[in-house]
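The values are calculated or read from the model by the stated rules, or taken from the named source; none is laboratory data. A quick note: this is a predicted structure, and the numbers were derived from the prediction, not measured. Note: ideal-geometry Cβ built from the backbone for every residue, glycine included; neighbour counts use all protein chains shown.
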Amino acid sequence: MEQDKFGYAAIIMGKIFLLKDVAQISGQSIHTVKYYLKIDLIKEVDRSPGTDSRYFNNSTLRQLTKIRKLRKQNKPIREIQATLNR
């Protein structure tokens with residue numbers, strides 16, 4: 001991951017978000033986002049070497065949108081995992 005002149009990480013041609021940002025934007029709780037990370041429904045794109053903060057991008061937000069839509073249809077997590085891993 002490249003860093004700008006201030007030392008902040010940046011993903012070329014895309015936005016970067018922290019855990020709290022993806023939770024807020026997607027309407028999920030931080031706890032839920034961490035759970036989805038734990039069970040590999042979503043993935044971080046990188047981590048800060050200094051603070052160990054997780055970084056996410058727009059594809060993570062799209063994935064969370066799909067997950068939320070499926071959860072609102074009362075789909076179980078295992079079915080969501082199978083659907084997203086096709």
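Structure notes:
- Only a single item in (1) surrounded by 11 or more Cβ atoms within 10 Å (Cβ to Cβ); (2) under 18 Å from PHE17 (Cα atoms) is not met by ILE39, and it is number (2).
- Scanning the range 35-46 for residues that are of a type in the set (D, E, K, R) and either touching a residue at least 60 places away in the same chain (Cβ under 8 Å) or closer than 15 Å to ASN57 by Cα (or both) yields LYS43, GLU44, ASP46.
- Flag for ILE30 being at pLDDT 95 or above and either surrounded by 15 or more Cβ atoms within 10 Å (Cβ to Cβ) or out of contact with any Cys (no Cβ under 8 Å at 6 or more places or on another chain) (or both): yes
- If the condition is being exposed (fewer than 12 other Cβ atoms within 10 Å of the Cβ) and either within 18 Å of GLY27 (Cβ to Cβ) or of a type in the set (Lys, Arg) (or both), then the range 63-86 contributes LYS69, LYS72, GLN73, ASN74, ARG78, ARG86.
- Identity of the residue in the range 34-65, modelled with pLDDT of 95 or more and of a type in the set (Lys, Arg), that ends up nearest to LYS15 (Cα to Cα): LYS34
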